Amino acid sequence: MKYGYAGLAVLACLLFGACFKVRPVEPPGAGNSDWVSPTDYEILLENLKTALSKRNTQNYLRCFDEEHFRFSPAASLLTNNESLWQNWSLQDEQAYLDKLFGELTALSGNSLILEQIDLQDVSADSLRYLGSYTLRMNHPDTSLTTLFKGQVQWVIKINEFNEWTIHRWTDLEVARDSSWSHLKLRYIQ
């Protein structure tokens, strides 16, 4: 019996020892999402701000309607780059953002501040949001500001999952060379 208890103790240690094994390290961001289902347009805007500050391209793209997204740049950039903007798509959003995020010099300090100016119900499932923005992106390009200011006009609609998404984005320039469109143009080329 003496060996029976000792054997049982050894067996218990072996079995319970497996409970304390170290898990493999997960890549950054895996299994950890700051995404909140945007059942309200304000949640959608918070998701957008969080995605930009945390450099999360996938969550950023989830804020936009995959099939119907349209972007209109600041008027000053339309003339010389019409072919670029004419068919701007979600793939272009991803391309500029991936390039931008890859070049950001600071892991923190990137932010988006939105101030609502006007909100209109277009229909039961659609809003028109007008707001001013201040976007800080700590990129290394010294020929471009790191602080972008302007206004956005977004048409926001409810999708088939009952979540709000941005369908149409019009960027309005309020100061020379500092609109969000300037940032997109620099990092799409």
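The table that follows gives values for the structure above.
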quantity	calculated
Segment 89-103 - phi-based ³J(HN,Hα) in whole Hz, Karplus 6.51/-1.76/1.60, Gly and Pro as x	10, 5, 5, 5, 4, 5, 4, 5, 5, 4, 5, 4, 4, x, 9
Whole-Hz couplings from phi, Karplus 6.51/-1.76/1.60, listed for segment 35-47; x for Gly and Pro	6, 10, 4, x, 7, 9, 4, 5, 5, 4, 5, 5, 4
Full-stretch length increase - Leu119, Leu104 - with 0.36 nm per residue and alpha-carbon distance subtracted	2.1 nm
At R0 = 35 Å, FRET efficiency that the Cβ-Cβ distance of Val36 and Arg176 yields, to 0.05	0.45
Charge tally in the Cβ shell below 10 Å around Leu84, where Lys, Arg are +1 and Asp, Glu are -1, Leu84 excluded	-1
For segment 127-142 versus segment 33-104, the gap between their alpha-carbon centres in whole angstrom	11 Å
³J(HN,Hα), Karplus 6.51/-1.76/1.60, whole Hz, each residue of segment 161-168, x for Gly, Pro	9, 6, 10, 7, 9, 8, 9, 9
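Each reported figure results from applying straightforward, stated rules to the coordinates on display, with no laboratory input. In this text the structure is predicted, and so the values were computed from the model without any measurement. Virtual Cβ from ideal backbone geometry, glycine too; neighbours counted across all protein chains shown.
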